[in-house]
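Following: one structure in structure tokens, then a few remarks.
The values are calculated or read from the model by the stated rules, or taken from the named source; none is laboratory data. All figures in this text were calculated on a predicted structure; none of them were measured in a lab. A quick note on method: Cβ atoms are made from the backbone with ideal geometry, for glycine too, and the neighbour counts reach across all protein chains shown.
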Amino acid sequence: MNRTQAEGRIRELRAAVRHHDYLYYVKDTPEVSDEVYDRLFHELTELEERFPDLRTPDSPTQRVAGTPLDRFPAVEHAAPLLSLDSSQDVGVLRRFDERLRKALGAAVSYVLEPKLDGASVELVYEQGMLVRASTRGDGRTGEGITENIRTIRTAPLRLRGDSTPPPSFLAVRGEVIMRAAAFERLNEGLLEQGKEPFANPRNAAAGSLRQLDPQVTAARPLDLYVYDVLEVEDEALTTQWMVLQALAHWGFPVNDLVHRAHTVDDVLAYHDELAAQRDDLAYEIDGVVVKLDDLAAREEVGETSRHPRWAFAFKFAPRKEVTRVLAIVPSVGRTGVVTPVAMLRPVELAGVTVSRASLHNREEVARKDIREGDRVRVQRAGDVIPQVVERLAEPGRRRARRFHMPDACPSCGTPLVERGPFTVCPNSFECPAQLAGRIQHFASRDALDIEGLGEETAKLLVGNGLVRQLPDLFDLQPDQLVTLEGFADKSAAKLVHGIQRASAVELHRLLLGLGIPEVGLAVANDLARHFRSIEAVRSATPEQLETVPGVGPKMSEQIAGFFRNARHAELIDRLLKKLTVRETPGVAIPVLDGIKIVLTGGLERLSRREAKALIESLGGRVTSTVSAETGYLVHGTNPGSKYGDAETLGVPMLSEVEFLDLLRSKGVGI
Ligand code: IVH
């Protein structure tokens, strides 16, 4: 085959592969078998290898072609990616509808779409070719993730334009999601590798998109739905319904549950219908987006600084499910607190399978009167650990006996002691369950950050007697590890290497990793910057500790008490022989120095954990109740009663976006 013949054949093959990709991934109606498809794809790959100069970026063989980046470039959006006003309150929906009717006269029509729970993105096409893709960022500027978007099979690298040529410029907005089954598989894999699983499919989608190496993103099962045209050249689109049709025509995946409506009652009916289907959908949705259909009318009503006035997210109530308590098992955490855990008949809840829920402490179990065998309602709100909300009465059923905390530690047999509502094993570092928890904490991301040392591995190390005390970690040899389940030569060598590398540690990471009561990321940072050496922290008196901003009398006693304990002292001495402790470098800009912040409602940009870590890294503190000392209340969607408390006390209130803007305005690079 000569070059000219190859060129022709390549063109044919690309068109065929693209067509079958579209049918398979977007329409879910494949026309040919996998073998036929593979043959076409291989022929194309081979021809492109023989004639590399004929390879083009829009070829279906070039989805995973980028090289790792150092950082994401900033990309300005074609039009702002606004966020939606939202509520789960019907009254708020009615007011939204009334306002529009007043502004526009009686006849309004809406397009209703499922509110997809993923990460918002912009995709830009020039002359029909995907040239740029970015995350939402602050709504005006996002991060350039073009190579990562290219790896998503449903994202067209080039627009379909059956008969008409595609527009010369097109910017669209959509949502990158991870389907529930794919999410579960991903998390299982992460857990096996000793990595932290994602809290929900939304975080998994957002986290996977923000990988500097497109190879990593390519291995993540992402999907896309497109729902908005931000800007288009030479196309007369007048309604959202037309927009959705045009998007589908160009080859974008458009959600098939979209609907048209005219009244609030229509919206309510659709909302109920979707809510009922929610558990059977392959992906997470968290409400209904109500959009004015007429695009000219949208212009007329305009937008506030944050939300368009023409759209509204009518959210679902938090996910609740009914299941049965199979057993109540006392579980010993890293601090020795014994928590009664309800083992549940597995149930799907907000995109994840829930099989256990914390019952907190013995008083909580007694108050809710939860016993083995009971039917209970469980809920997951945002990223929070599942909770048992209540027991459902089952008249006539014989119930099991009340749950009682054991007298001895289920892990080491030491008699348990009561501290307030909590039950505690006093055997600290010697108790295997606590030791495993402490190892996991010691190795966690913000502490020594030892890759591959998660919960499962920590338990294995302790259970097999390879680590009897924390410092033993640094004596581990690969040949000991290969005897453990799930370890091979390579993984064993990798873990040992990871542990050795972590032995050069910054002081604040060590302080955090020791698991001193009350010492989180912010306090560990403050202590490290103030005392500058582990010896100085260890020998500090409670009075000296209290001179550190943010350390109160109770905390200073706890810290000093931890270091005074003879067993801890011996352990730290041993540990220090294995470590090189480095001074903590001057931490970011402490723009929130000492400011107390209360979070309420569902955050969309950050998980609770991320928000807390961010605030603490900037010197602020997250507290749970609003008082006159609260610096800011940061509210997400469906804020709780704290919102009212803050209003009453006159505490400054910021939405999540406003809060992030405030930090940016102070020079924080987020
Ligand atoms: S339209 C200005 N439609 O919900 C209107 N958003 O703040 C722009 N979302 O981050 C949004 N499904 O990413 C729209 N069908 C849908 C959506 C949707 C999910 C997300 C969007 C945004 C959030 C609302």
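Restricting attention to the stretch 366-380, the residues that are outside any loop (DSSP other than H, G, I, E, B) and not small (G, A, S) add up to 8.
Could we say that G302 is within 16 Å of the ligand (Cβ to nearest atom), surrounded by fewer than 16 Cβ atoms within 10 Å (Cβ to Cβ) and modelled with pLDDT of 90 or more here? Yes, satisfied.
Against the test of being within 30 Å of D85 (Cβ to Cβ) and in contact (Cβ under 8 Å) with a residue 60 or more places away in the chain, the options L575, L571, L618, L603 yield a single qualifying residue, L603. What residue, among those in the stretch 126-143 that are in contact (Cβ under 8 Å) with a residue 60 or more places away in the chain and farther than 15 Å from P80 by Cα, is surrounded by the most Cβ atoms within 10 Å (Cβ to Cβ)? So the residue we want is L130.
I'd like to know if the stretch 21-37 contains one or more residues that are surrounded by 18 or more Cβ atoms within 10 Å (Cβ to Cβ), of a type in the set (D, E) and at pLDDT below 95. So far as the stretch 21-37 goes, yes, one or more of its residues are surrounded by 18 or more Cβ atoms within 10 Å (Cβ to Cβ), of a type in the set (D, E) and at pLDDT below 95. State yes or no: is I385 assigned to a loop (DSSP other than H, G, I, E, B), of a type in the set (A, V, I, L, M) and farther than 26 Å from H568 by Cα? So I385 passes the test.
Quick check: is even one residue across the stretch 389-403 under 28 Å from L191 (Cβ atoms) and either in contact (Cβ under 8 Å) with a residue 24 or more places away in the chain or surrounded by fewer than 17 Cβ atoms within 10 Å (Cβ to Cβ) (or both)?
Yes; the residues of the stretch 389-403 include at least one that is under 28 Å from L191 (Cβ atoms) and either in contact (Cβ under 8 Å) with a residue 24 or more places away in the chain or surrounded by fewer than 17 Cβ atoms within 10 Å (Cβ to Cβ) (or both).
Could you go through the stretch 437-444 and let me know if any residue there is buried (at least 21 other Cβ atoms within 10 Å of the Cβ), within 30 Å of A366 (Cα to Cα) and of a type in the set (K, R). For the stretch 437-444, residues buried (at least 21 other Cβ atoms within 10 Å of the Cβ), within 30 Å of A366 (Cα to Cα) and of a type in the set (K, R): present. The set of residues in the stretch 144-167 that are within 16 Å of P221 (Cα to Cα), surrounded by fewer than 22 Cβ atoms within 10 Å (Cβ to Cβ) and among the polar types (S, T, N, Q) contains only T154. Taking the criterion of being among the aliphatic types (A, V, I, L, M), within 16 Å of the ligand (Cβ to nearest atom) and within 23 Å of the chain's Cα centre (by Cα), the residues of the stretch 49-98 that qualify are L81, L82, L84.
Within the stretch 2-18, which residues are part of a helix (DSSP H, G or I), without any contact (Cβ under 8 Å) to a residue 40 or more places away in the chain and surrounded by fewer than 18 Cβ atoms within 10 Å (Cβ to Cβ)?
T4, Q5, G8, R9, R11, E12, A15
Taking the listed residues A628, A588, the one that is modelled with pLDDT under 85 and among the aliphatic types (A, V, I, L, M) is A588, with no other qualifying.
Within the stretch 308-336, residues that are farther than 30 Å from A103 by Cβ reach partners that are of a type outside the set (S, T, Y) and within 16 Å of the ligand (Cβ to nearest atom) with beta carbons closer than 6 Å, at six or more positions or on different chains, in the pairs R319/A350.
Each residue in the stretch 468-527 was checked for being in contact (Cβ under 8 Å) with a residue 60 or more places away in the chain, surrounded by fewer than 17 Cβ atoms within 10 Å (Cβ to Cβ) and among the aliphatic types (A, V, I, L, M), and 1 of them qualify.
For the stretch 1-14, residues that are small (G, A, S) and either touching a helix residue (DSSP H, G or I) at 6+ places or on another chain (Cβ under 6 Å) or under 14 Å from H42 (Cα atoms) (or both) total 1. Output the residue which, of all residues in the stretch 307-350 that are within 16 Å of the ligand (Cβ to nearest atom) and not aromatic (F, W, Y), is surrounded by the most Cβ atoms within 10 Å (Cβ to Cβ). My answer is A350. Inside the stretch 372-392, residues that are small (G, A, S) and at pLDDT 90 or above make up a count of 1. Restricting Y125, Y110, Y37 to residues that are over 19 Å from L224 (Cα atoms) and either out of contact with any helix residue (DSSP H, G or I) (no Cβ under 6 Å at 6 or more places or on another chain) or within 14 Å of the ligand (Cβ to nearest atom) (or both) narrows the list to Y110. If a residue has to be more than 16 Å from the ligand (Cβ to nearest atom) and either more than 23 Å from G452 (Cβ to Cβ) or without any contact (Cβ under 8 Å) to a residue 12 or more places away in the chain (or both) to count, how many in the stretch 185-205 make the cut? Summing the residues that are more than 16 Å from the ligand (Cβ to nearest atom) and either more than 23 Å from G452 (Cβ to Cβ) or without any contact (Cβ under 8 Å) to a residue 12 or more places away in the chain (or both) in the stretch 185-205 gives 4.
Scan the stretch 636-649 and report the pairs whose first residue is among the charged types (D, E, K, R) and whose second residue is not in a loop (DSSP other than H, G, I, E, B), with Cβ atoms within less than 7 Å and a gap of 6+ or a chain change. Matching pairs, first to second residue: K642/V598; K642/T600; K642/L633.
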